[in-house]
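Data first, discussion second: the structure below is written as C-alpha cells.
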Amino acid sequence: MTAHVQPEAEGDTPDGLRSISASPDRRGPDALPVRTARGGRQRDPAADRAILKSTLALLGEGCSFSALSMDLVAQRASVARATIYRRWRNKEELVLAALSSLDLPVPPLDGLLLRDRLVRLVDQIRSRGQDTNLHRLLAGLLGEAVRRPQLVERFENSVVAARRDALRRALREGMDSGELRPGLDVDQAIELLTGPMLSRLILRQRPVESAAFAESIVDTFLNGTRTHPEPQ
C-alpha cells in the first residue's frame with residue numbers, strides 16, 4: 001500500500017506554472033532534492049517521491065500514456081492534483097521526470113582507452129536494462145513514438161542526454177587522436193553502438209548476463225571504423 005502523503009494547500013492552479021526539469025544524475029525516487037517554487041515555500045520531498053513512484057507503478061502495471069492522468073497519479077500517491085501541477089506542467093513532463101528518476105549517472109571514464117570507454121558506456125545500458133519494470137516502461141514509451149514523437153525526442157534529449165554526450169565525446173576524441181577514421185558520422189555511430197543492446201533488452205525482452213555482449217558490440221564497431229583495424 002502506498003504511504004499516505006499529506007496534501008499540500010490548494011492555492012495554485014495549473015495555468016502558467018513553472019515546469020521542473022528532471023536532473024540527469026538522479027539516482028532514484030528516494031534521492032530527490034527538495035524543490036522550491038519561484039518565490040514560494042519549500043516543497044515536501046516526500047510528495048515528490050510518492051508522485052514519481054506512483055507514476056512509475058501505474059505505467060509498470062500496463063497503464064498506457066494515453067490512459068495515464070494526473071487524477072490517477074494523484075489518487076495513487078494520495079496527494080491533491082494541484083500538488084502535482086506545482087511540480088510538473090503536464091503529463092509529459094511528469095512521465096519524463098519519473099523515467100529520469102530511474103537513470104544512472106554516467107560511469108567514470110577518465111584514463112580509459114577508447115575501447116574501454118565505449119564498452120563501459122554500452123554495458124551500462126545492460127545494467128539499467130536488467131530491471132524488467134524498466135523494460136516495460138521503455139517499451140511503452142516506444143509504443144507512443146508514432147503518436148507522440150516529441151515525447152521520445154524529449155526523452156532522448158533529457159533522460160539519456162548525458163550518456164549520449166559521453167559517447168559523442170569518446171568518438172570525437174577517437175577521431176582527433178587518429179584511432180577512428182576521419183569523417184565518421186558520430187550520431188550514426190551512437191545508434192550502431194546502442195541499438196543492439198536496446199533491441200535485445202527492450203524489443204526482444206532477453207536478459208544479458210555479462211559485459212561480453214557489450215564487448216562484442218564495441219569490437220564489431222571498432223573493426224569497421226578504426227583507421228588500422230586490430231589483427232584477427
Q: Could you check PHE65 against (1) over 24 Å from ASN157 (Cα atoms); (2) in a loop (DSSP other than H, G, I, E, B) and say which number it fails?
A: (1)
Q) Are there any pairs, at least 6 apart or on different chains, whose C-beta atoms fall under 9 Å, with the first in segment 170-198 and touching a residue at least 40 places away in the same chain (Cβ under 8 Å) and assigned to a loop (DSSP other than H, G, I, E, B) and the second open to solvent by 40 Å² or more (accessible area, probe 1.4 Å) and polar (S, T, N, Q), and if so, which? A) GLY178/THR227; GLU179/THR227; ARG181/THR227
Q: Give the residue, chosen from ALA74, ALA98, that is open to solvent by less than 30 Å² (accessible area, probe 1.4 Å), over 24 Å from ASN157 (Cβ atoms) and not in a loop (DSSP other than H, G, I, E, B).
A: ALA74
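Scan segment 176-227 residue by residue and report those that are under 22 Å from the mean Cα position of the chain (by Cα) and of a type in the set (Ser, Thr, Tyr).
Of segment 176-227, the ones under 22 Å from the mean Cα position of the chain (by Cα) are 186-211, 213-214, 217-218.
Answer for segment 176-227, where residues must be under 22 Å from the mean Cα position of the chain (by Cα) and of a type in the set (Ser, Thr, Tyr): THR194, SER199, SER210.
How many residues are under 30 Å from ILE84 (Cα atoms) and open to solvent by less than 10 Å² (accessible area, probe 1.4 Å) when one looks only at segment 101-124?
Of the residues in that region, 2 qualify.
The values are calculated or read from the model by the stated rules, or taken from the named source; none is laboratory data. Since this is a predicted model, take the numbers as computed values, not measurements. Positions of Cβ are generated from backbone atoms using ideal geometry, with glycine treated the same way; all protein chains shown enter the neighbour counts. Remember, those area values only see protein heavy atoms, side chains included, never the ligands or the DNA or RNA. Shrake-Rupley method; radii C 1.70, N 1.55, O 1.52, S 1.80 Å.
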